[in-house]
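Reading through the structure tokens given below for one structure.
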Amino acid sequence: MTLSDLTHRTSEWLRGVGPMHDVVISSRVRLARNLAGMPFLRKCTAQQQQEIADRLRTEILSANLAEGVFHVDVAAAGPLDRALLAERHLISRQHADAKHPRGVAVSGDETFAVMINEEDHVRMQVLRSGMQMRDAFEQINAVDDRLEERVDFAYSNRYGYLTACPTNVGTGLRVSVMLHLPALRLTGELDKAVHAARDMRLAIRGLYGEGTDASGDFFQISNQITLGRAEEDIVEEFLTQIVPEILNYERKAREALLKHNSVEIDDKVFRALALLRSARRLASDEMMALLSLLRLGINLQRIDEVDLKTVNELFLIGQPAHVQKMHALRRGLEGPTAAMPPEERDEIRAEVLRQRLGGT
Amino acid sequence: MKKKCDKCDKPATIHLTEIVNGQKMEKHLCEDCAEAEGITIKANIPISQLLEDFVLQTVGEEEETPSTPMTCEVCGMTFSEFRDKGQLGCPNDYEAFREQLLPILARAQDGNTQHVGKAPRRAGTAQQKQMAILRLRSQLKQAITAEQYERAADLRDQIKQVEAAEPERPAE
């Protein structure tokens, strides 16, 4: 498996299936761990960082943690490949941009990934399509058990698993869902969801996590409390109280739109499709906004010539590094290529979308 | 590239595109103005904010004197360094800065300061062993810096020994 293979296909978690998939794009759980007897990354010498990267790579690859796990040396990868991994949510942007020895191990279907030497020595995640939080947690917990047979993680009876930042200490568990909330934005009721999240002490962020915007009406909602609650309780609370409430707001807003503004909705949806089918240049933001409307139209059953899976896929392969990588591959260039001027990228993006959506 | 907030001079981090009657309207706001408009809430209480609040809260109560800076003897991290960077240096910092960390933890973690979740199967003696190795490693680092190679070799052997020692199973 190489990174180039990833360029053409969708991640399993974007298939557009699973419970509540009309609103919940994906569920993610992650655990933060650090090797016992080692300083946290900030106080490691370069040699220790390398030692940790090598050791974890070996242990992870031989522990049979998931199907077809492969490792990418992120420190040695080119900027385009690093951006590609970040766009696929396999590494964080911070991990992509860092300078020290680091890596990522990814399962063949990309539902499982371990970042090595991010803020903590180990950041492992399971990503599933739709609302599949319990399954995702069970999987990550089993992976953690298996890894713990091979390495000791820093742990104290008082504080639990010890992490570089005290906001992750204890369980080291972060659960999050990526939600598509176009109707709440169209009806100007986004603050409802935001307030609900705030009341429940949740973080709400854009598509690519910390410090990113809500491009394409996607929002990530995650727990903030990691200490003093059992893992199962964190998952259950999220699953049974938090997500259903926000989901309910979005679904109500969709119903209201249909009831009072169905012509307006159809107009937006079909205009979006027409633009995507004929544009000669498409900037990333514009593509995201148009695909968001198209996705809403599919979920409201106003349009059936495009399916959810295709739209989910386009959200991903229309991202800048994907567009550029795909273009390089088509031209038979395997290695990292120089940064492409944005206008050229916008042209290629428009071409890809026209082709995939049956445009002219 | 970086846009300024529409309402003040801070960098905009919230970007909204709204289409009202076919007119595209863009809003670029900083977190504070977005929050004031009810568009968003602060994504997270950043650790730097927690630290700042904590420092403000304790100023006057207990001045940190420069002669006795709080330092972790294992990794050399000072509390003010943590305050600046928001990340700890090693597992021992949780003990070294215990008093200062507890109120910060309590604020960040909804009042909780005691773990109740999963424990590693070998948690019993693991904790002591972990600290022993951590200490030895920090001594090793110092020995290498001081070019005391004999001592470094000795410490390396000790680390191997402690690592190889089978942790006792915790009492069931």
Residue satisfying all of: in the stretch A:148-175; more than 7 Å from every other protein chain (Cβ to nearest Cβ) and modelled with pLDDT under 95; surrounded by the most Cβ atoms within 10 Å (Cβ to Cβ) among these: A:Val151
Subset tally (residues that are under 13 Å from A:Leu31 (Cα atoms) and in contact with a strand residue (DSSP E or B) (Cβ under 8 Å, 6 or more places away or on another chain)) for the stretch A:165-205: 9
Members of the stretch A:93-106 that are surrounded by fewer than 21 Cβ atoms within 10 Å (Cβ to Cβ) and either in contact with a Leu (Cβ under 7 Å, 6 or more places away or on another chain) or assigned to a loop (DSSP other than H, G, I, E, B) (or both): A:Ala98, A:Lys99, A:His100
Residue count, the stretch A:31-61 (criterion: more than 18 Å from B:Glu163 (Cβ to Cβ), buried (at least 17 other Cβ atoms within 10 Å of the Cβ) and within 14 Å of chain B (Cβ to nearest Cβ)): 7
Matching residues, the stretch A:253-272, being basic (Lys, Arg) and at pLDDT 95 or above: A:Arg254, A:Lys268, A:Arg271
Among residues of the stretch A:129-147, those that are facing chain B (nearest Cβ under 8 Å) and small (Gly, Ala, Ser), counted: 0
Failed item in (1) touching a residue at least 60 places away in the same chain (Cβ under 8 Å); (2) closer than 30 Å to A:Leu294 by Cα; (3) surrounded by 22 or more Cβ atoms within 10 Å (Cβ to Cβ), with A:Glu12 passing the rest: (3)
Qualifying residue in the stretch A:345-353 (condition: out of contact with any Leu (no Cβ under 7 Å at 6 or more places or on another chain) and either assigned by TED's automatic domain parsing to the domain that holds A:Arg9 or of a type in the set (Lys, Arg) (or both)): yes
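Residue by residue, here is whether (1) surrounded by fewer than 18 Cβ atoms within 10 Å (Cβ to Cβ); (2) within 7 Å of chain A (Cβ to nearest Cβ); (3) over 16 Å from B:Glu163 (Cβ atoms); (4) in contact with a Lys or Arg (Cβ under 9 Å, 6 or more places away or on another chain) holds:
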residue: B:Lys85; (1), (2), (3), (4): yes, yes, yes, yes
residue: B:Leu88; (1), (2), (3), (4): no, yes, yes, yes
residue: B:Pro91; (1), (2), (3), (4): no, yes, no, no
residue: B:Gly111; (1), (2), (3), (4): yes, no, yes, no
Positions within the stretch A:298-314 being touching a Leu at 6+ places or on another chain (Cβ under 6 Å), within 10 Å of A:Arg15 (Cα to Cα) and of a type in the set (A, V, I, L, M), in sequence order: A:Val311
Yes/no for A:Arg349 being surrounded by fewer than 19 Cβ atoms within 10 Å (Cβ to Cβ) and at pLDDT 90 or above: no
Answer residue from the stretch A:63-83, given it is assigned to a loop (DSSP other than H, G, I, E, B) and within 28 Å of B:Lys141 (Cβ to Cβ) and is nearest to the chain's Cα centre (by Cα) among those: A:Val74
Verdict on A:Arg128 being among the basic types (Lys, Arg), under 26 Å from A:Leu179 (Cα atoms) and under 14 Å from the mean Cα position of the chain (by Cα): yes
Positions within the stretch B:130-163 being more than 14 Å from A:Ala154 (Cβ to Cβ) and polar (S, T, N, Q), in sequence order: B:Ser138, B:Gln139, B:Gln142, B:Thr145, B:Gln148, B:Gln158, B:Gln161
Index of the failed condition, A:Gly130 passing every other in (1) surrounded by fewer than 23 Cβ atoms within 10 Å (Cβ to Cβ); (2) within 17 Å of A:Glu148 (Cα to Cα); (3) not hydrophobic (A, V, I, L, M, F, W, C): (2)
Test: A:Ile52 is touching a residue at least 40 places away in the same chain (Cβ under 8 Å) and over 18 Å from the mean Cα position of the chain (by Cα): yes
Residue pairs meeting the criteria (Cβ under 8 Å; at least 6 apart or on separate chains; first in contact (Cβ under 8 Å) with a residue 60 or more places away in the chain and surrounded by 16 or more Cβ atoms within 10 Å (Cβ to Cβ), in the stretch A:62-78; second among the acidic types (Asp, Glu) and part of a loop (DSSP other than H, G, I, E, B)): A:Ala63/A:Glu149
Selection status of B:Pro103, of a type outside the set (Asp, Glu), surrounded by fewer than 18 Cβ atoms within 10 Å (Cβ to Cβ) and at pLDDT 90 or above: yes
Conditions (1) closer than 29 Å to B:Arg137 by Cα; (2) in a strand (DSSP E or B); number of the one not met by A:Ile60: (2)
Residue ranges of helices (runs of 4 or more DSSP H) in the stretch A:198-316 with at least 2 members away from chain B (no Cβ under 14 Å) and more than 17 Å from the chain's Cα centre (by Cα): A:243-278, A:284-299
Residues located in the stretch A:7-42, provided they are within 15 Å of the chain's Cα centre (by Cα), assigned to a helix (DSSP H, G or I) and among the hydrophobic types (A, V, I, L, M, F, W, C): A:Trp13, A:Leu14
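The values are calculated or read from the model by the stated rules, or taken from the named source; none is laboratory data. Owing to the predicted nature of the structure, the values given are computational and were not obtained by experimental measurement. Don't worry about glycine lacking a Cβ; one is built from the backbone with ideal geometry, like all the others, and counts go over all protein chains shown.
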